[in-house]
Amino acid sequence: MRSPLLDLPGAVAGHGIDADVAAHYGSFNGEQRTLESGEGFVDLSHRDVVRIAGPDRLTWLHSLTTQFFMDLQPKQWTGALILSPQGHVEHAFFGYDDGEAFIGHTEPGHADALVEFLDRMRFMMRVDATDVTDEIAVTWRPRSPHVDDGSSEVEVRASASVETSRGNQSRNPYADYEFVPRAQLEDYAAAAGPACGMWAFEALRIARGEPRLGIDTDHRTIPNEVGWIGPAVHLEKGCYRGQETVARVHTLGRPPRRLTLLHLDGSENRLPAAGAELRLGDRVVGFVGSSARHHELGPIALAVVKRNVALDVQLTVGEMPATQEMLVDPELGLHVRPRLT
């Protein structure tokens, strides 16, 4: 669904699954600085949106997903995953409940499969899942934690308690996304501007270590590997499909792979393709997901690397040297391993 904001002055369309929104509006470095200053917004209206209505929706989502939905407050943003029986991530969506329905966004082209799965799992529950991408658009707008954005006291407390994969306290990582009626997107842009493109958004997203499903993950990805424990996986809730794998890796073992931030050699004017092999010498040790040029860090990328690869070794992607910055601890889980006496 092509965004009407591609008609704004200076807009240059993106590519691949992000082709329906602007890559930039003239200066992706300047747009990164604008966003980091707390100004501007990003058009993410190409993302799919689902609406889950019905009186049983929160109980139902609580039983199906990795997230704790039972005490979810109205307009409190959260992330949730649906796993395979083996614990591999099949669906990821992010949103809030407005008191009448849960509205969540997911990757472009993913809504049909998500709705189909939810329909199959409905049984006797009073719920209804629909694709509302043609009605609701997604945007991203940075907010200062000191700005009154209408959050309730409960939301503010919940946001402040989220722990990132780097071990730091931060605001809710999903709270800067917004839902906008698609028919009002141009009016929103006029009020929220300046508009910033996907290149700026991606550079900042990669730098903060936030993965995208299907780009920074593959069919074998488990939540423990990519920093979703905490933001999208609640460790103190009842059973859900794939929970055994999540719990076992968290409490007894180490994730077989880990998400890492790559700092790429900036002497070459290119970025690696998503899915490119990551090598240690002649050995393939992982794959590269999304990449971008950050206005301060230079060329960076997210990659999934085998756990036993040391953090201080230099890797290569397409003969391009790359150093690592830890996002997910390769020893994750050992801190809760019981001590035997």
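General remarks:
- The condition of being more than 22 Å from D43 (Cα to Cα) and either assigned to a strand (DSSP E or B) or modelled with pLDDT of 95 or more (or both) holds for only one of P108, P85, that being P85.
- A single entry from H110, H88 fulfils the requirement of being touching a residue at least 24 places away in the same chain (Cβ under 8 Å) and within 20 Å of G230 (Cα to Cα): H88.
- Residue check, D97 surrounded by 15 or more Cβ atoms within 10 Å (Cβ to Cβ), free of Cβ contacts under 8 Å to residues at least 60 places away in the same chain, farther than 20 Å from Q184 by Cα and not basic (K, R): yes
- Residues that are touching a helix residue (DSSP H, G or I) at 6+ places or on another chain (Cβ under 7 Å) and either without any contact (Cβ under 8 Å) to a residue 12 or more places away in the chain or aliphatic (A, V, I, L, M) (or both), drawn from region 28-48: L35, V42
- Consider region 1-38 and keep the residues that are in a helix (DSSP H, G or I) and closer than 16 Å to T139 by Cβ. The one that is nearest to the chain's Cα centre (by Cα) is D18.
- Among the residues listed as G242, G238, the single one being in contact (Cβ under 8 Å) with a residue 40 or more places away in the chain, more than 17 Å from V304 (Cα to Cα) and surrounded by fewer than 18 Cβ atoms within 10 Å (Cβ to Cβ): G238
Listed here are the residues, each with its yes/no results for (1) hydrophobic (A, V, I, L, M, F, W, C); (2) buried (at least 19 other Cβ atoms within 10 Å of the Cβ); (3) touching a Cys at 6+ places or on another chain (Cβ under 6 Å).
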position	(1), (2), (3)
M1	yes, no, no
D18	no, yes, no
H24	no, yes, no
G30	no, no, no
G38	no, no, no
F41	yes, yes, no
R47	no, yes, no
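- Of the strands (runs of 3 or more DSSP E) entirely within region 252-331, those holding at least 2 residues that are surrounded by fewer than 19 Cβ atoms within 10 Å (Cβ to Cβ) occupy 277-280, 283-294, 298-306, 320-326.
- In the set (1) closer than 19 Å to T130 by Cα; (2) at pLDDT 95 or above, E36 fails one condition alone, (1).
- Selection within region 272-320 - in contact (Cβ under 8 Å) with a residue 60 or more places away in the chain and among the hydroxyl-bearing types (S, T, Y): S290, S291
- Some residue of region 320-335 being small (G, A, S), under 25 Å from the mean Cα position of the chain (by Cα) and at pLDDT below 95: yes
- Here P85 passes the criteria (1) surrounded by fewer than 16 Cβ atoms within 10 Å (Cβ to Cβ); (2) under 18 Å from I206 (Cα atoms); (3) not small (G, A, S) except the one numbered (2).
- Those helices (runs of 4 or more DSSP H) lying entirely in region 143-227 with at least 3 residues of a type outside the set (G, A, S) and at pLDDT 50 or above: 185-192, 198-207
The values are calculated or read from the model by the stated rules, or taken from the named source; none is laboratory data. In this text the structure is predicted, and so the values were computed from the model without any measurement. In this analysis, Cβ positions are derived from the backbone assuming ideal geometry, glycine residues included, and neighbour counts consider all displayed protein chains.
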